Amino acid sequence: MLTSSLFIWYHRNYHQGSNLPLPPGPKKLPFIGNALDMPPTDQHIKFSQWGEQYNSDILHLRVMGMDYIVLNSWDAVIDLLDKRSGIYSSRYRVAFWEGDLGLMCYGKLFNEHKKLFHQEFHPSNSSLHRPHEKKALGVFLNSLIDTPKEWESNIKQMIGAIIIGVAYGVQVQPKNDPNIDAAARMYGVLNTVLLPGAFLVDTLPILQYIPSWFPGASFKRKARAWYGVRKETVLPPYMQVKQAMINGTANDSFTLRCLTNGENMVDPRVDHLSEEEEMIMQTAGTLYEAGADTGKTALRTFILAMTCFPKAQRDAQGEIDCVIGQERLPDYEDIVDDSNASVSLPYVRAVVLECFRWQTVVPLAVPHLVDTEDTYRGLHIPKGATILPNVWAILRDEKRYGPTAHTFDPERWLLENDNSATGGFGFGRRACPGKHMALSTFQINVVSLLHSFDITPPVDVAGNLVMPEIEYVTRLTSAPAPFECTIKPRSEKHVALIQEMLLD
Ligand code: HEM
């Protein structure tokens, strides 16, 4: 068994089946390839440096027999993931994470899940989600008045309330909500599993035969612990909806609408889940999994940017004061039109785009997988290679964004009608289907926070401002390391407006 596995593996590793060269990349060691070169974190930065070192926007790496192709430029990403999306839209299978649309291989099941997801999150359906967003926003802004020091957990609570409201119509508890906490735990697993090269059992089948007590086989113990995590997380809120249907108390939600859809009405008293129900449950779970941490991370980046770049905050507030004034709170009409370009608040739009560009939430997107071998610019792309679009490098490309590409500078978006920052939502057929809702939630939060609050660095005992470090911790998502800031209402008038939100 061992010998034949090694033989198969050796062949996969060393017989690429093409006379064309692979893209350049760091030298590979026998058997382990680049395993020792792969940094455990901040891979996007290393990939960008390798791009410069090998003078190529497309790189090849091999880790324990698995091929990785890194795309460091906008052109390469568009050429392959968009224009050749027919073959570049699969994912590698993570055996213990079934049912997640984001990790499904391209095919029939993926198309069925995606259809359900698209129906719900088509921009024309935003009116279904806005009541959940507005309610959670009201609670959030009030929580910043009452407990400003807890702003991070208040963000987590607000994003969780929106996602759980949209998915299940379930009211969250004011603190330590079990569904929000379970979603965070579930995302924690995903954040580790999807890091390229982090979890090798799926890529190197021989590792399955190592006993779990063996030193270095911690992946196996982890996999065992992770096996049930997804189902244990997505089942309880789904069953809550069915129970609420029986009690006659179910609120409007994605799950309720699917369960009561025309002829396919599901009987909530039947415990056994049909195939169709399983799909509804998994899709609601995907939304819960994909939307919570990403939304929270984007807002923490916004708070960090406002803390560190006071001029940008003042300019945005000046614009909001002129256009909206202090007699009312901002609303959706102030921020978006269908093309995601705000007409009335161009500077606020620029701040939004710059947050997504400056610190892209998912620096390597979610890895794509190519179904068949391919040739690009005379280079061989092996069948089954994992494709890593280096969104971070693309959004910091000095050729496109100039010498200030690494700094937070919203003004760059005032000069051109460009919204390339939304490349942070991915590419081709696997691009984020929650993009519209994510942007709408982010924008209404940004404009509401700027309208009513001042965000400043904390002060030390001598009264000096202490600027936080701009430090990020990266796994699948890239999030600011914990930092302190002060969030204060701009006036009593603003406080009164925010308190009125809870009366509506
Ligand atoms: C700031 C917020 C968000 C960011 C930055 C973000 C970013 C991304 C990225 C980069 C991908 C991978 C795209 C690719 O493979 O090319 C993705 C996939 C996905 N996102 Fe989002 N997302 C956000 C919010 C949301 C929300 C709110 C939802 C749900 C309503 C959602 C649902 C999904 C799903 C289901 C996928 C998998 C799509 C597939 O594999 O076909 N995301 N997202």
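What pairs come out if I take residues in the stretch 17-46 that are touching a residue at least 40 places away in the same chain (Cβ under 8 Å) and pair them with residues that are open to solvent by less than 60 Å² (accessible area, probe 1.4 Å) and in a loop (DSSP other than H, G, I, E, B) whose C-beta lies under 6 Å away, six or more apart or interchain?
Every condition considered, the pairs that remain are Ala35/Met64; Met38/Gly197; His44/Pro363; His44/Leu364; His44/Asn390.
Mind checking which residues of the stretch 480-498 are of a type in the set (A, V, I, L, M), without any contact (Cβ under 8 Å) to a residue 40 or more places away in the chain and within 25 Å of Phe356 (Cβ to Cβ)?
Hit for the stretch 480-498 is Ala481, nothing else.
Please go through the stretch 349-370 and give me each residue that is at pLDDT below 95, over 18 Å from Gly426 (Cα atoms) and of a type outside the set (Gly, Ala, Ser), ordered by number.
Matches in the stretch 349-370: Arg349 only.
Looking only at the stretch 57-86, which residues are part of a helix (DSSP H, G or I) and either crowded, with 22+ Cβ neighbours inside 10 Å or among the aromatic types (Phe, Trp, Tyr) (or both)?
Scanning the stretch 57-86 gives Trp74, Ala76, Val77, Leu80, Leu81.
Just one of His451, His494 is farther than 30 Å from Pro367 by Cβ, touching a Pro at 6+ places or on another chain (Cβ under 6 Å), surrounded by 12 or more Cβ atoms within 10 Å (Cβ to Cβ) and not aliphatic (A, V, I, L, M); which is it?
His451
Which pairs turn up if I take residues in the stretch 254-271 that are within 25 Å of Arg130 (Cα to Cα) and look for partners that are part of a loop (DSSP other than H, G, I, E, B) and not polar (S, T, N, Q) with beta carbon separation below 8 Å, at least 6 apart in sequence or on another chain?
Taking only residues 6 or more apart or on different chains, the pairs are Thr255/Gly169; Leu256/Gly169; Leu256/Ala250; Leu259/Met265; Leu259/Val266; Leu259/Pro268; Thr260/Val266.
Between Arg62, Arg84, which is closer than 15 Å to Pro389 by Cβ, more than 21 Å from the chain's Cα centre (by Cα) and more than 12 Å from the ligand (Cβ to nearest atom)?
Arg84
Inspect all residues belonging to the stretch 101-116 and state whether any of them is among the aromatic types (Phe, Trp, Tyr), without any contact (Cβ under 8 Å) to a residue 60 or more places away in the chain, assigned to a helix (DSSP H, G or I) and farther than 30 Å from Asp454 by Cβ.
Scanning the stretch 101-116, I find at least one residue that is among the aromatic types (Phe, Trp, Tyr), without any contact (Cβ under 8 Å) to a residue 60 or more places away in the chain, assigned to a helix (DSSP H, G or I) and farther than 30 Å from Asp454 by Cβ, so the answer is yes.
Restricting attention to the stretch 420-440, does a residue exist that is out of contact with any helix residue (DSSP H, G or I) (no Cβ under 6 Å at 6 or more places or on another chain), in a loop (DSSP other than H, G, I, E, B) and loosely packed, with under 13 Cβ neighbours inside 10 Å?
no
Exactly one condition in (1) touching a residue at least 60 places away in the same chain (Cβ under 8 Å); (2) in a helix (DSSP H, G or I); (3) not small (Gly, Ala, Ser) is false for Phe408; which is it?
Failed condition: (2).
Limited to the stretch 348-393, what total is found for residues that are buried (at least 21 other Cβ atoms within 10 Å of the Cβ), within 12 Å of the ligand (Cβ to nearest atom) and β-branched (Val, Ile, Thr)?
Result for the stretch 348-393: 7.
Kindly list the number of the only condition in (1) more than 16 Å from the ligand (Cβ to nearest atom); (2) buried (at least 22 other Cβ atoms within 10 Å of the Cβ) that fails for Gly295.
Here Gly295 meets the rest and fails (1).
Yes or no: Lys135 under 23 Å from His436 (Cβ atoms), more than 16 Å from the ligand (Cβ to nearest atom) and either assigned to a helix (DSSP H, G or I) or at pLDDT 95 or above (or both)?
yes
Could you tell me whether the stretch 441-451 includes any residue that is over 20 Å from Thr407 (Cβ atoms), within 9 Å of the ligand (Cβ to nearest atom) and assigned to a loop (DSSP other than H, G, I, E, B)?
Within the stretch 441-451 (the criterion being over 20 Å from Thr407 (Cβ atoms), within 9 Å of the ligand (Cβ to nearest atom) and assigned to a loop (DSSP other than H, G, I, E, B)), the answer is no, since none of the residues qualifies.
Mind counting the residues in the stretch 146-170 that are loosely packed, with under 14 Cβ neighbours inside 10 Å and touching a residue at least 40 places away in the same chain (Cβ under 8 Å)?
Of the residues in the stretch 146-170, 0 are loosely packed, with under 14 Cβ neighbours inside 10 Å and touching a residue at least 40 places away in the same chain (Cβ under 8 Å).
Quick one: in the stretch 87-113, which of the residues that are aromatic (Phe, Trp, Tyr) and open to solvent by 20 Å² or more (accessible area, probe 1.4 Å) is modelled with the highest pLDDT?
Per the criteria, the residue is Tyr106.
On the given criteria, is Thr307 under 28 Å from Ser127 (Cβ atoms), assigned to a helix (DSSP H, G or I) and hydroxyl-bearing (Ser, Thr, Tyr)?
When the stated conditions are applied, Thr307 does not pass them.
May I ask you to say which residue of Arg269, Arg300 is charged (D, E, K, R) and farther than 29 Å from Cys432 by Cα?
From the options Arg269, Arg300, the qualifying one is Arg269.
The values are calculated or read from the model by the stated rules, or taken from the named source; none is laboratory data. Predicted, not measured: the structure shown is a model, and the values here were computed from it. Counting neighbours? That spans all protein chains shown, and the Cβs are built from the backbone with ideal geometry, glycine included. Quick note on the areas: whole protein, heavy atoms, side chains included, nothing else; ligands and nucleic acids left out. Shrake-Rupley method; radii C 1.70, N 1.55, O 1.52, S 1.80 Å.
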